[in-house]
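For reference, the structure is listed below as structure tokens.
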Amino acid sequence: MSENKSNPTEPPYPPASYAWYVVGVLTFVYIFSFIDRTILNLLVGPIRRDLDINDTQMSVLMGSAFALAYTFFGIPLGRMADTKNRRGLIAVGFVVWSLFTAGCGVAKNFWQMLLMRVGVGLGEASLSPAAYSLIYDYFPPHRRATALSVYGTGIYLGGGLALLLGGVVIKLASGQESWALPIIGETRPWQIIFLLVGLPGIVFSLLLFTVREPIRRGMRQVRDAAGALQQVETPLREVIAYIKANKVTFLCHNLGISLFAVSTYGSKAWIPTFFVRTHHWTSADIGIQFGIILAVCGTIGIISGGRLADYLASRGHREANLRIMSLAPICAAPISLAFPLVESPTLALALLVPLMFLMSAPYGCAPAAITQIMPAPMRGQAGALYLFVNVLVGLGCGPTAIAVVTDYFFHDDAMLRYSLAIVTATAQVASAIILWFGLKPFVRSLDRLKEWNTAHAPE
């Protein structure tokens, strides 16, 4: 049953065709964000060589530098998503991260590259809190997990295309060491890739202005002196108090999915290099093949997770989103342990097919679960908090944890396969346990939301 049927005083939802168009635009932008975010994963070798850095420094560029900026700016930008024009916020962010991605192509040392990665994180922090909020207002409850999962395909389409396009460019550029570009000067193939994926985003940002800002649903309202309803901004202290009242739910959800993100960000960051070092593939070959697997299996996985959650919810399972989130990591752990250790590169690549499916399944359900338990005036901020923890822990620690185990425990680049197996499988088991313990608190949070909505209904 849609919200319109259960709440006849609410305005109708926009036409489904236009709502899905909006999801398409937001997904397109998300694809670009993940291309710009993850393109480094294929370029470890040439960047390490030209910038003269080790695995740990490279992992800082892939993870920590981006993650710290993304999380630091994410909370204030999430609050802006609850009160300001969301499409404009995304459009400005798109331009910012595109410029800084292109800037990575002119970086000459580690510190310049670090600054550019911080800029990419700053720009991308504007996107998902505002996108979650927009999708919530465009879709009734029984379609939201699916819509958010379609949006979430940007993670896998973007990450896959980054590897695929990067692999193709490396193949095409393999016969030439560098080019002399106007103004920029001598430019390596990896620098060309950053310019090619960064600069088009500045033009594509104009696509956001075909998206209409929808009515904010469920916002807190009061009557003015004339008796008309006016939306009011919820004070920050009230947002903090609501999150504290649901602290167990937030802790289990955010920490559980963040530990899962340690495995997903960490493995995706180092899988191309693993195939280069262990199975002696070229960066171009693994980029193309892993890129296809990531794009196809990740997309199918995240949509399947969202569809299954919506189906279970329609059958009365209110905790369906969290249940899908808890099942995926425990199913993925044995495969994460196996694929780096098998001797056959073909078998290792084949094991990535079910692994990428399982690794993607929770990522539509996770934001859907957050929006499901939060009052409307707090959804952008709650989404930003979820992303804060997820990116800080997952992207900030995942690639670095694997690199640190390789550099400082094994002291051998060739032992990357064991670092991959240890870090990813351990993180997934811990994730599954924490998310499972969050099921009952999640249901209690749904009941608290009903109480809050009743208490804050306009008189």
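Please tell me if THR454 is closer than 30 Å to GLN57 by Cα, surrounded by fewer than 23 Cβ atoms within 10 Å (Cβ to Cβ) and without any contact (Cβ under 8 Å) to a residue 40 or more places away in the chain.
Against the criterion (closer than 30 Å to GLN57 by Cα, surrounded by fewer than 23 Cβ atoms within 10 Å (Cβ to Cβ) and without any contact (Cβ under 8 Å) to a residue 40 or more places away in the chain), THR454 does not qualify.
Just name the residue that is surrounded by the fewest Cβ atoms within 10 Å (Cβ to Cβ) out of those in region 366-386 that are aliphatic (A, V, I, L, M) and modelled with pLDDT under 80.
ALA376
Between residues in region 106-133 that are within 30 Å of ALA369 (Cβ to Cβ) and residues that are in a helix (DSSP H, G or I) and polar (S, T, N, Q), which pairs lie under 7 Å by C-beta distance while being six or more apart or on different chains?
VAL120/THR101; GLU124/SER33; LEU127/SER33; TYR132/THR371
Which residue is farthest from GLY160 (Cα to Cα), if the candidates are limited to region 325-376 and must be of a type in the set (S, T, N, Q) and in contact (Cβ under 8 Å) with a residue 12 or more places away in the chain?
Per the criteria, the residue is GLN372.
For ALA245, indicate whether it is closer than 22 Å to GLN372 by Cβ, touching a residue at least 40 places away in the same chain (Cβ under 8 Å) and surrounded by fewer than 20 Cβ atoms within 10 Å (Cβ to Cβ).
Spelling it out, ALA245 is indeed closer than 22 Å to GLN372 by Cβ, touching a residue at least 40 places away in the same chain (Cβ under 8 Å) and surrounded by fewer than 20 Cβ atoms within 10 Å (Cβ to Cβ).
In region 316-391, which helices (runs of 4 or more DSSP H) lie fully inside it and hold 1 or more residues that are touching a helix residue (DSSP H, G or I) at 6+ places or on another chain (Cβ under 6 Å) and of a type in the set (D, E, K, R)?
Fully inside region 316-391 and qualifying: 379-389.
Taking the conditions exactly as written (surrounded by fewer than 24 Cβ atoms within 10 Å (Cβ to Cβ) and either within 18 Å of LEU255 (Cβ to Cβ) or in contact (Cβ under 8 Å) with a residue 24 or more places away in the chain (or both)), does ALA427 satisfy them or not?
Against the criterion (surrounded by fewer than 24 Cβ atoms within 10 Å (Cβ to Cβ) and either within 18 Å of LEU255 (Cβ to Cβ) or in contact (Cβ under 8 Å) with a residue 24 or more places away in the chain (or both)), ALA427 does not qualify.
Suppose the filter is in a helix (DSSP H, G or I), farther than 25 Å from LEU89 by Cβ and either in contact with a helix residue (DSSP H, G or I) (Cβ under 7 Å, 6 or more places away or on another chain) or hydrophobic (A, V, I, L, M, F, W, C) (or both); does LEU148 pass it?
When the stated conditions are applied, LEU148 does not pass them.
Among (1) among the basic types (Lys, Arg); (2) part of a helix (DSSP H, G or I); (3) within 23 Å of ASP447 (Cα to Cα), which single condition is ARG307 missing?
That leaves (3) as the condition not met.
Conditions (1) modelled with pLDDT of 85 or more; (2) surrounded by fewer than 22 Cβ atoms within 10 Å (Cβ to Cβ); (3) of a type in the set (D, E, K, R); (4) over 18 Å from PRO362 (Cα atoms), marked per residue:
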{"position": "VAL118", "(1), (2), (3), (4)": "yes, yes, no, yes"}
{"position": "GLY121", "(1), (2), (3), (4)": "yes, no, no, yes"}
{"position": "ALA125", "(1), (2), (3), (4)": "yes, no, no, yes"}
{"position": "SER128", "(1), (2), (3), (4)": "yes, no, no, no"}
{"position": "GLY159", "(1), (2), (3), (4)": "no, no, no, no"}
{"position": "LEU165", "(1), (2), (3), (4)": "no, yes, no, yes"}
{"position": "LEU172", "(1), (2), (3), (4)": "no, yes, no, yes"}
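Has region 398-417 got at least one residue that is within 15 Å of the chain's Cα centre (by Cα), modelled with pLDDT under 90 and either small (Gly, Ala, Ser) or under 30 Å from LEU236 (Cα atoms) (or both)?
Yes, region 398-417 contains a residue that is within 15 Å of the chain's Cα centre (by Cα), modelled with pLDDT under 90 and either small (Gly, Ala, Ser) or under 30 Å from LEU236 (Cα atoms) (or both).
Could you list all residues from region 262-290 that are out of contact with any Pro (no Cβ under 8 Å at 6 or more places or on another chain), surrounded by fewer than 24 Cβ atoms within 10 Å (Cβ to Cβ), not in a loop (DSSP other than H, G, I, E, B) and not basic (Lys, Arg)?
Matches in region 262-290: VAL276, ALA284, ASP285, ILE288, GLN289.
So MET415 passes all but one of these: (1) aliphatic (A, V, I, L, M); (2) without any contact (Cβ under 8 Å) to a residue 60 or more places away in the chain; (3) in contact with a Cys (Cβ under 6 Å, 6 or more places away or on another chain). Which condition number does it fail?
(3)
Is at least one residue of region 404-411 within 16 Å of ILE271 (Cβ to Cβ) and of a type in the set (A, V, I, L, M)?
Yes, region 404-411 has at least one match.
Give the residue that is farthest from ALA376 (Cα to Cα), with candidates limited to residues of region 79-108 that are in a helix (DSSP H, G or I), aliphatic (A, V, I, L, M) and modelled with pLDDT under 90.
MET80
The values are calculated or read from the model by the stated rules, or taken from the named source; none is laboratory data. Predicted, not measured: the structure shown is a model, and the values here were computed from it. With ideal geometry, Cβ positions are generated from the backbone for all residues, glycine too; neighbour counts draw on all protein chains shown.
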